[in-house]
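Structure first, commentary second.
The values are calculated or read from the model by the stated rules, or taken from the named source; none is laboratory data. Treat the numbers as computed from the prediction; the structure is a model and nothing was measured. Here the Cβ positions follow ideal geometry from the backbone for every residue, glycine too, while neighbour counts run over all protein chains shown. All accessible areas refer to the heavy atoms of the entire protein, side chains included, with ligands and DNA or RNA removed. Shrake-Rupley method; radii C 1.70, N 1.55, O 1.52, S 1.80 Å.
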Amino acid sequence: MKALAALGRLTLGALAAVGRAGIFAFATLGHLLRPPFYWREFGVALMQIGYFSLPVVGMTAFFTGGALALQIYAGGARFNAEEVVPSIVAIGMARELGPVLGGLMVAARVASSIAAEIGTMKVTEQIDALVTLSTHPMKYLTVPRVLAATLAVPLLVGVGDAIGIMGGFIVGVNRLDFNAAAYLKNTADYLQPWDVGSGMVKGAVFGFLVALMGCYHGMNSGRGAQGVGRATKAAVVAASVLILAANYLLTELFFST
Amino acid sequence: MITLTDVHKAFGANRVLRGINLTVPTGKSMVIIGGSGTGKSVLLKCVLGLVTPEQGRIEVDGEDVGHARGGADRDAFLARFGMLFQGAALFDSLTVWQNVAFRLLRGAQKLPRAEARDIAIDKLRRVGLKPEVADLFPAELSGGMQKRVGLARAIAAAPEIIFFDEPTTGLDPIMSGVINELIREIVVEMGVTAMTITHDMTSVRAIADRVAMLHGGLIRWEGAVGDLDASGDPYVDQFIHGRAEGPIESVR
Ligand SMILES: Nc1ncnc2c1ncn2[C@@H]1O[C@H](COP(=O)(O)OP(=O)(O)OP(=O)(O)O)[C@@H](O)[C@H]1O
Ligand SMILES: [Mg+2]
């Protein structure tokens, strides 16, 4: 009985948290549509989230593409289908691994830094100070970051796709004795625009979720250093889980027949 | 005029404000004294709407603060206020002058950048800071310097009502004197309504027109600064003389 009550409490707590985050998301969209818009903050966020994530996302994609080529080659060899390597690497990267791994790396990098920054602002009364200076914290802090992430992550995914495919290509040509021209031709023949497009749409959703979770947990940070630490952890965990869940739903939506 | 009527605020089981009644006349300087943790900062935040009281009414010039909670109303309401936070609360992503000129760089009171910078440097000078600090970041300043930058930010846009939360804590005696004079000057010359929290009795006497003592969630005593020594209230006496013995418990 006690266990059941605890489970109930946990469920209710979780539902309430989802509700609060949902309200936060709608509030963000509402503020996005109403002026003022802080261009400077948006520019800074775009640099922080987009440009400075390039190395991490690029490296992740490169090594993943290479490993994928090796695995598919080994798996394909079981039924003499080694020639599928280029197309499956490309499709796998563009549809799944590019957006998901890119999104997770951005979650680790960006959700944490946003939550820590905003959380620190909260505990040092900087958020209160913003309010007294007639500046809405949602407009000044949340909207620029969420918009920047929503726009930047798809581009990161696009770059990641290209680098991942290149990783597969380098491994394919150097380790698996593929002919370079044939590998590229095979990739180009099989990769459809929607493979890349769907991955970029996923990227936009993941970017939105990452920045939203960073801002939400930062704004609701507890007091003191411990509060900020908890907020940061919660932001990364929530962003990662939401990315994986959203990825499943989007894949279901885009590709299930 | 700021009027608080029967204001209550609790954080969980911690009943901080238990029915505050207080009036601050326009153009006067009210100083709030009281022990650490009695809710002085919370009281100021209630007036600004940063903390919502469970009960009671707060009016500024007859207008209920609770009504100005959303949208443009609230911006206009807050544009009349300046606030120095106890911990300065400077934005650490912005330089010192951008902090001071924050309100002048955006929104309704927006000025050209160069002009805003000039005003910021002038305000910094008034709180005893050299123009060289303008381009530093808050993290590069000492605590007392941060406090003074916070003060400069509070007065930068020439608000009608200014709240100072412990303006002189962490400052040397000479700088405290400068700040006390500045606050007095702002009230007398610019007709600003000021509410100041301080533990420094020299400041109280230099700044105040009226003094209110907060204790046990209530305004224990309120009166003109000249009557402070003859208040006849044992709590006030103990507080202003800093005695360990008296009705105020030393463990709170
Ligand atoms: N956001 C908050 N959440 C929970 N409790 C709070 C919060 N803000 C203040 N308190 C509590 O309210 C009480 C009064 O705090 P406040 O900061 O107003 O004290 P103070 O009178 O300004 O003290 P000091 O002179 O030390 O600054 C304290 O017990 C504090 O723990
Ligand atoms: Mg205080």
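All but one of (1) assigned by TED's automatic domain parsing to the domain that holds B:Thr202; (2) surrounded by fewer than 22 Cβ atoms within 10 Å (Cβ to Cβ); (3) within 16 Å of ligand 2 (Cβ to nearest atom) hold for B:Gln86; which doesn't?
Condition (1) is where B:Gln86 drops out.
One line per residue, one yes/no per condition, for (1) modelled with pLDDT of 90 or more; (2) under 21 Å from the mean Cα position of the chain (by Cα):
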site	(1), (2)
B:Ala68	no, yes
B:Pro112	yes, no
B:Leu124	yes, yes
B:Ala134	yes, no
B:Pro159	yes, yes
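Could you give every pair whose Cβ atoms fall below 8 Å, whose first residue belongs to region B:34-53 and is under 22 Å from A:Thr135 (Cα atoms) and assigned to a helix (DSSP H, G or I), and whose second residue is open to solvent by 10 Å² or more (accessible area, probe 1.4 Å) and near ligand 2 (Cβ under 9 Å from one of its atoms), counting only separations of at least 6 or pairs across chains?
The qualifying pairs are B:Ser41/B:Gln86.
Kindly check whether there is at least one residue in region B:28-50 that is open to solvent by 70 Å² or more (accessible area, probe 1.4 Å), assigned by TED's automatic domain parsing to the domain that holds B:Val251, touching a strand residue (DSSP E or B) at 6+ places or on another chain (Cβ under 9 Å) and modelled with pLDDT under 95.
Yes, some residue in region B:28-50 is open to solvent by 70 Å² or more (accessible area, probe 1.4 Å), assigned by TED's automatic domain parsing to the domain that holds B:Val251, touching a strand residue (DSSP E or B) at 6+ places or on another chain (Cβ under 9 Å) and modelled with pLDDT under 95.
Considering each of B:Ala230, B:Ala224 in turn, give the residue that is away from ligand 2 (no atom under 16 Å from the Cβ), out of contact with any Ser or Thr (no Cβ under 7 Å at 6 or more places or on another chain), small (Gly, Ala, Ser) and open to solvent by less than 40 Å² (accessible area, probe 1.4 Å).
Going through B:Ala230, B:Ala224 in turn, just one is away from ligand 2 (no atom under 16 Å from the Cβ), out of contact with any Ser or Thr (no Cβ under 7 Å at 6 or more places or on another chain), small (Gly, Ala, Ser) and open to solvent by less than 40 Å² (accessible area, probe 1.4 Å): B:Ala224.
How about region A:58-136: which helices (runs of 4 or more DSSP H) wholly inside it have at least 1 residues that are in contact (Cβ under 8 Å) with a residue 24 or more places away in the chain and farther than 30 Å from A:Gly222 by Cβ?
Correct list: A:85-92, A:98-106.
Sort through A:Thr120, A:Thr150, A:Thr135, A:Thr142 and tell me the only one that's away from chain B (no Cβ under 14 Å) and closer than 30 Å to B:Ala158 by Cα.
On inspection, the qualifying residue turns out to be A:Thr142.
Against the conditions (1) away from ligand 2 (no atom under 16 Å from the Cβ); (2) of a type in the set (Ser, Thr, Tyr); (3) surrounded by fewer than 15 Cβ atoms within 10 Å (Cβ to Cβ); (4) within 26 Å of B:Arg184 (Cβ to Cβ), where does B:Thr3 fall short? Just the number, please.
Looking at each condition in turn, B:Thr3 falls short on (3).
At positive phi, at pLDDT 90 or above and among the small types (Gly, Ala, Ser): is that true of B:Gly246 in this structure?
So B:Gly246 fails the test.
For region B:60-161, please list each of the helices (runs of 4 or more DSSP H) lying entirely inside it that holds at least 3 residues being of a type in the set (A, V, I, L, M).
Once the helices (runs of 4 or more DSSP H) in region B:60-161 are filtered for at least 3 residues that are of a type in the set (A, V, I, L, M), what remains is B:71-79, B:113-126, B:143-156.
Within region B:167-197, take every residue that is within 22 Å of A:Thr124 (Cβ to Cβ) and surrounded by fewer than 20 Cβ atoms within 10 Å (Cβ to Cβ) and give me the one that is farthest from ligand 2 (Cβ to nearest atom).
Across region B:167-197, the extreme among qualifying residues is B:Gly170.
In the set B:Val16, B:Val24, which member is away from every other protein chain (no Cβ under 14 Å) and within 13 Å of ligand 1 (Cβ to nearest atom)?
So the residue among B:Val16, B:Val24 that is away from every other protein chain (no Cβ under 14 Å) and within 13 Å of ligand 1 (Cβ to nearest atom) is B:Val16.
For every residue, the table says whether it meets (1) part of a helix (DSSP H, G or I); (2) in contact (Cβ under 8 Å) with a residue 12 or more places away in the chain.
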site: B:Met175; (1), (2): yes, yes
site: B:Val178; (1), (2): yes, yes
site: B:Glu181; (1), (2): yes, yes
site: B:Val187; (1), (2): yes, yes
site: B:His199; (1), (2): no, yes
site: B:Met213; (1), (2): no, yes
site: B:Gly226; (1), (2): yes, no
site: B:Ser231; (1), (2): no, no
site: B:Val236; (1), (2): yes, yes
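Taking region B:178-202 only, how many residues are within 16 Å of ligand 1 (Cβ to nearest atom) and within 17 Å of B:Ser41 (Cα to Cα)?
6
If a residue has to be away from every other protein chain (no Cβ under 13 Å) and either within 12 Å of ligand 2 (Cβ to nearest atom) or of a type in the set (A, V, I, L, M, F, W, C) (or both) to count, how many in region B:33-64 make the cut?
Of the residues in region B:33-64, 11 are away from every other protein chain (no Cβ under 13 Å) and either within 12 Å of ligand 2 (Cβ to nearest atom) or of a type in the set (A, V, I, L, M, F, W, C) (or both).
Report, by residue number, each residue of region A:123-132 that is open to solvent by 30 Å² or more (accessible area, probe 1.4 Å) and more than 7 Å from every other protein chain (Cβ to nearest Cβ).
A:Val123
Of the conditions (1) more than 16 Å from ligand 1 (Cβ to nearest atom); (2) part of a loop (DSSP other than H, G, I, E, B); (3) in contact with a helix residue (DSSP H, G or I) (Cβ under 7 Å, 6 or more places away or on another chain), B:Gly170 fails just one. Which one is it?
Failed condition: (1).
Determine whether region B:60-75 contains at least one residue that is in the same structural domain as B:Asp237 (by TED's automatic domain parsing) and within 16 Å of ligand 1 (Cβ to nearest atom).
Checking region B:60-75: not a single residue is in the same structural domain as B:Asp237 (by TED's automatic domain parsing) and within 16 Å of ligand 1 (Cβ to nearest atom).
Within region A:200-232, can you find the residues that are basic (Lys, Arg) and buried (at least 24 other Cβ atoms within 10 Å of the Cβ)?
A:Lys202
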